[in-house]
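Chemist: Handing you this structure, nothing more for now.
The values are calculated or read from the model by the stated rules, or taken from the named source; none is laboratory data. What you are looking at is a predicted structure, and each value in this text was computed from that prediction instead of being measured. Here the Cβ positions follow ideal geometry from the backbone for every residue, glycine too, while neighbour counts run over all protein chains shown.
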Amino acid sequence: MMKRNGSPSANGKGVRLTMTLDGEKVAFNRGETIYEVAERHRKDIPTLCYDPRLEPFGGCRLCVVELEGARNPVASCTMEAQPGMRVRTRTAALETQRRILMEMVASENRDTDVDPMHGYASQEMAELLDRYDARTGRFEGAQSGASRDDDDNPFIKRDYDNCISCYRCVRVCAEQEGDYAISIMNRGFHTQITTEFGGLLKDSACTFCGQCIQTCPTGALGDLKALANKDVPGETKKTRTICPYCGVGCAVDVMTREEKIVGVLPAMDGPANEGSLCVKGQFAFDFVGHPERLSTPFIRDEKSGQLRPASWDEALDFAAGKLKKVVKDHGRRAVYGIASGRAPHEAAYMMQRFIRGGLGTNHIDNCSRA
Amino acid sequence: MSNPLADMDKPDVIFCIGTNMTECHPVAATRLKRALARGAKMIVADPRRIGLAEIADVHLPLRVGSDVSLLLAMAHVIAREGLVDEGFMAQRTAHGEDFLKHVERYTPEWAAEICECDAQDIEKAALLYGGADRGAIYYTVGITEHICGVDNVQSLCNLALLTGNLGREGTGVNPMRGQNNIQGAGDAGALPNNYPGFQTVTDLAHQEKFHKAYGRKVDLEVGMTKVTALDLCGDGIHAMMINGENTLVTDPDRHHCEHALKSLDCLIVIDIFMTETARVADVVFPATAWAETDGVCTNTERRVQRLRAAVPPPGEAKPDWWIVSRLAQRMGWKGFEFESAKEVFNELCSLSSTYAGLDWDRIDRGEYQWPVPEEGHPGTPRLHEERFENGRGIFKMLEYRDPEETLSEDYPIWLTTGRRLPQYHTRTQTGRAAGIDYLLSEETLEVHPDDIARLGLEDGGWAEMSNPRGCLHVKVRATTKSPKGTVFASFAFEDVPVNVLTGGGYDPVTQTAALKACPVALKPVGPPPALGGAPGPQPGLGRL
Ligand code: SF4
Ligand code: SF4
Ligand code: FES
């Protein structure tokens, strides 16, 4: 996921803070956690309840490391780095502990493998199960939540049989969105992710931004619009672009298979949004392939007065003919251009170039006045 | 925006006016919420109890169109309480003394009479903003879509100049731009007064520069605004080319607009759907849509970003630039032999002072915020850091003016318009995206419960809303989100064309339409025929 911390520089007093990571002396910034320092040094510590955009939570304990002087391993995602610390990120004991943790996590879930269309982070648990070869079925766990098949919303699948209670969804909703639409009921094995009064998302403070889907590491939450396309043949390709709606300019990765858009992922490194999206950017993409899209030029038939399809050649000549006639009858100042605030620069630029470079007037505007 | 989006988590005091940010710019609003979680305070001035108002420290439910009075009184309090940033005023502004004198008579009590807010709340808001180390102002079209839109914006600038809240992290006067590339359309020169890069058309040197580039001399005279052009259709303007705008539904005074477009000899529309506007055109060209088009857009913080094609367009749809340049060639004009979006964008950069340091390859990762005056320049996330473009920040002596139309016995209720979160504009896109209708499938008129009782309306029943420009039927919803005496509807749904009613005046400088304040009459009616009511057409809906 996205990284926020830069490389360490000397602190205010000109003293470099250092610690030892797996025997190597490394520098860090004040306030960084052990995990963040290790991440910068490509240590690849496993995590499950961690999302770099959120406050560290320390729930899953998968990220534990050995800290010299501490009796038990410590959670690296919550522990701040201190000068002189000596930390080991990968030892036989740690790896065993992590494997057992993963085996237990797997035992709580109905499915350990979910379709990647569920969301951005949906493969995190499955990848860790592979990494630790932890699909042993050694433990018999109780599933820690019950699915909400009754929620008929068209965007967010709520399949809590696959929930591991990492609370990432709850935290992203509170910390990142400030919406507090989802909450936690009960503790331990009985933990259940829920909404206010246990109702439907529609009746909660939920704005359907989809952030909970994108941070869920197990696919307990899933993107229903993308999942509807899970059987579209072909490899999923991602294309970085910008949301087509408002002026915030959130970056997205459009997922396509062959010639069809199958879903949208937020760009965690998008400069304007840093991984956030709203309901429009996340879910309102399928106007693009809509059957009502115009696919050919139309011209108004002189006889019938109706619009009828035409070839480009015919339509361009028809339009140019009409424009030339207006210029001949009423002069070049009789032509006006309105550019779009929805189309790219090249469209607006060419519109003004047409009016200025072609007709020599400034009769050009865009739609910002209404 | 004067400041980057990233600055939005940083102010101590946030002042939002005329912006329904949680619905219109949701991701930007999340940043404000994070600032609040950090302890920032927020003032929200909006007639309606919008989402932001619910989480504000002070909500000023001002009467639509009365912003100038409120802002004058805030300046009055800031001056009276000695909260002005004297150093900033001395070093960076002009006419400060005059302004301090000017606001002496505009007390909160005076403003309270006009804007219908509590004088004490005005005082409180002024003390908050005036006392901030980092005070940031955010606004949207709730400020500009008035006959005094320019005065409103200048009033906000006055406040920022008075308190030195410009040119620093977490401060600024920040318009939130509505459409994904509305900033870019202006940057690219689609303005009657500016060439690309905001170079004025009345300047001889600019005329010379573009004469050389385009091989044709362009008039020194400023062009008409769209509003004037629509007024002169059939009488001076005889042809229009409209790109990607559903003018008929988005523009004020729909009847007037429809009549205007139909009186043209030639209307060319370039769009992705057969919109209401396309249906009255002589020629409709099919354009490629988002995710089918390579190009560039600029967001509200002036960040220049790449749009990339991911799928092929339907049938024979073509990029807008291709369509317009090919039409230019058919007109017999030289210099329109463009072959790619890259070529077009690079020409724009070569002629624009704000984009001079950019080109297609350099903006690949969206790192730059304009102005980028030369190659190697890092871009300008924050404007006005060292100085203002024209030297000093100038205080404007403004007076409050009533809207062009005010309440009367016949039209005793304010209608104000806007957007709703799940739907965008006229729904040409969101209306065709699966599932969005689950969240919002019909338009309703938001009316305060007391007004419902007073006017004999019914929650969930129907109302006839009218004024001299038109009349329509709309379903009523009782909500205290609307203040007493003001109703709200969006223009997203074609069956509730609220813009048949709007259009009472324009800002004299920008000619922006007064879409936010419009007196109407309301009375109960039966449901429409489709729902078991008496037959008869939706009044005000002309057949296209
Ligand atoms: S639904 Fe997903 S994100 Fe939320 S607590 Fe469960 S596993 Fe974590
Ligand atoms: S995702 Fe939402 S907030 Fe972001 S650009 Fe799109 S419409 Fe705006
Ligand atoms: S990732 Fe550190 S405790 Fe879960």
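Chemist: Which ones in segment B:320-340 are more than 7 Å from chain A (Cβ to nearest Cβ) and not aliphatic (A, V, I, L, M)?
Modeler: Residues satisfying the conditions are B:322, B:329, B:332, B:334, B:336, B:337, B:338, B:339, B:340.
Chemist: Also: Show the residue pairs that are 6+ apart or on different chains and have beta-carbon atoms under 8 Å apart, the first residue being within segment A:231-249 and more than 8 Å from chain B (Cβ to nearest Cβ), the second being at pLDDT 95 or above and within 16 Å of ligand 2 (Cβ to nearest atom).
Modeler: A:236/A:255; A:238/A:253; A:238/A:254; A:238/A:255; A:238/A:265
Chemist: Separate question: Kindly list the number of the only condition in (1) touching a helix residue (DSSP H, G or I) at 6+ places or on another chain (Cβ under 8 Å); (2) away from ligand 3 (no atom under 16 Å from the Cβ) that fails for residue A:215.
Modeler: (2)
Chemist: Scan segment A:148-182 for residues that are away from ligand 3 (no atom under 16 Å from the Cβ), crowded, with 19+ Cβ neighbours inside 10 Å and either of a type in the set (Ser, Thr, Tyr) or not in a loop (DSSP other than H, G, I, E, B) (or both) and jot them down.
Modeler: Once the filter is applied, which keeps residues that are away from ligand 3 (no atom under 16 Å from the Cβ), crowded, with 19+ Cβ neighbours inside 10 Å and either of a type in the set (Ser, Thr, Tyr) or not in a loop (DSSP other than H, G, I, E, B) (or both), segment A:148-182 yields A:156, A:157, A:158, A:160, A:162, A:173, A:174, A:176, A:182.
Chemist: Could you check segment B:196-289 for helices (runs of 4 or more DSSP H) lying wholly inside it with 1 or more residues that are closer than 19 Å to residue B:185 by Cα?
Modeler: Details: elements: B:204-214, B:226-231, B:247-250, B:254-262.
Where helices (runs of 4 or more DSSP H) fall fully within segment B:196-289 and carry at least 1 residues being closer than 19 Å to residue B:185 by Cα, they are B:204-214, B:226-231, B:247-250.
Chemist: Is one or more of the residues making up segment B:418-437 away from every other protein chain (no Cβ under 14 Å) and not small (Gly, Ala, Ser)?
Modeler: Residues of segment B:418-437 away from every other protein chain (no Cβ under 14 Å): none.
No, segment B:418-437 contains no residue that is away from every other protein chain (no Cβ under 14 Å) and not small (Gly, Ala, Ser).
Chemist: Under 6 Å between Cβ atoms, at least 6 apart or on separate chains: pull out the pairs that start in segment B:508-519 with a residue that is within 11 Å of chain A (Cβ to nearest Cβ) and in a strand (DSSP E or B) and end on any residue that is crowded, with 20+ Cβ neighbours inside 10 Å and of a type in the set (Phe, Trp, Tyr).
Modeler: That search, which allows pairs on different chains as well, returns B:513/B:506.
Chemist: Checking residue A:195 against (1) more than 20 Å from residue A:105 (Cα to Cα); (2) within 11 Å of ligand 1 (Cβ to nearest atom); (3) surrounded by fewer than 24 Cβ atoms within 10 Å (Cβ to Cβ), which test does it fail?
Modeler: The one condition residue A:195 does not meet is (2).
Chemist: For segment B:514-534, which positions are among the charged types (D, E, K, R) and at pLDDT below 90? Even if it seems obvious, please write down each step before you answer.
Modeler: First, the residues of segment B:514-534 that are among the charged types (D, E, K, R): B:516, B:523.
Hit for segment B:514-534 is B:516, nothing else.
Chemist: Name the single residue, out of those in segment B:166-200 being buried (at least 22 other Cβ atoms within 10 Å of the Cβ) and in contact with a Lys or Arg (Cβ under 7 Å, 6 or more places away or on another chain), that is nearest to residue B:418 (Cα to Cα).
Modeler: My answer is B:179.
Chemist: For segment A:233-349, list the strands (runs of 3 or more DSSP E) that sit wholly inside it and hold at least 2 residues that are surrounded by 21 or more Cβ atoms within 10 Å (Cβ to Cβ) and modelled with pLDDT of 95 or more; which are they?
Modeler: In segment A:233-349, the matching strands (runs of 3 or more DSSP E) lie at A:236-242, A:251-257, A:260-266, A:298-300, A:335-339.
Chemist: What residue, of A:150, A:115, A:130, A:111, is away from every other protein chain (no Cβ under 14 Å) and within 13 Å of ligand 1 (Cβ to nearest atom)?
Modeler: Values: A:150 fails: within 13 Å of ligand 1 (Cβ to nearest atom); A:115 fails: within 13 Å of ligand 1 (Cβ to nearest atom); A:130 fails: within 13 Å of ligand 1 (Cβ to nearest atom).
Within the list A:150, A:115, A:130, A:111, the selection yields A:111.
Chemist: Here's another thing I want to ask about it. Name every residue in segment B:248-263 that is facing chain A (nearest Cβ under 9 Å) and crowded, with 23+ Cβ neighbours inside 10 Å, in order of residue number. Step through it out loud before you land on a result.
Modeler: Residues of segment B:248-263 facing chain A (nearest Cβ under 9 Å): B:250-252.
Once the filter is applied, which keeps residues that are facing chain A (nearest Cβ under 9 Å) and crowded, with 23+ Cβ neighbours inside 10 Å, segment B:248-263 yields B:251, B:252.
Chemist: Now a separate question. If residue A:256 satisfies every condition in (1) within 7 Å of chain B (Cβ to nearest Cβ); (2) within 8 Å of ligand 2 (Cβ to nearest atom); (3) touching a Lys or Arg at 6+ places or on another chain (Cβ under 8 Å) but one, which is the exception?
Modeler: Here residue A:256 clears every test but (2).
Chemist: Another question, if that's okay. Sort out which residues of segment B:227-247 are surrounded by 20 or more Cβ atoms within 10 Å (Cβ to Cβ) and without any contact (Cβ under 8 Å) to a residue 40 or more places away in the chain, and write them in order of number.
Modeler: Scanning segment B:227-247 gives B:229, B:230, B:233, B:237, B:238, B:239, B:240, B:242, B:245, B:247.
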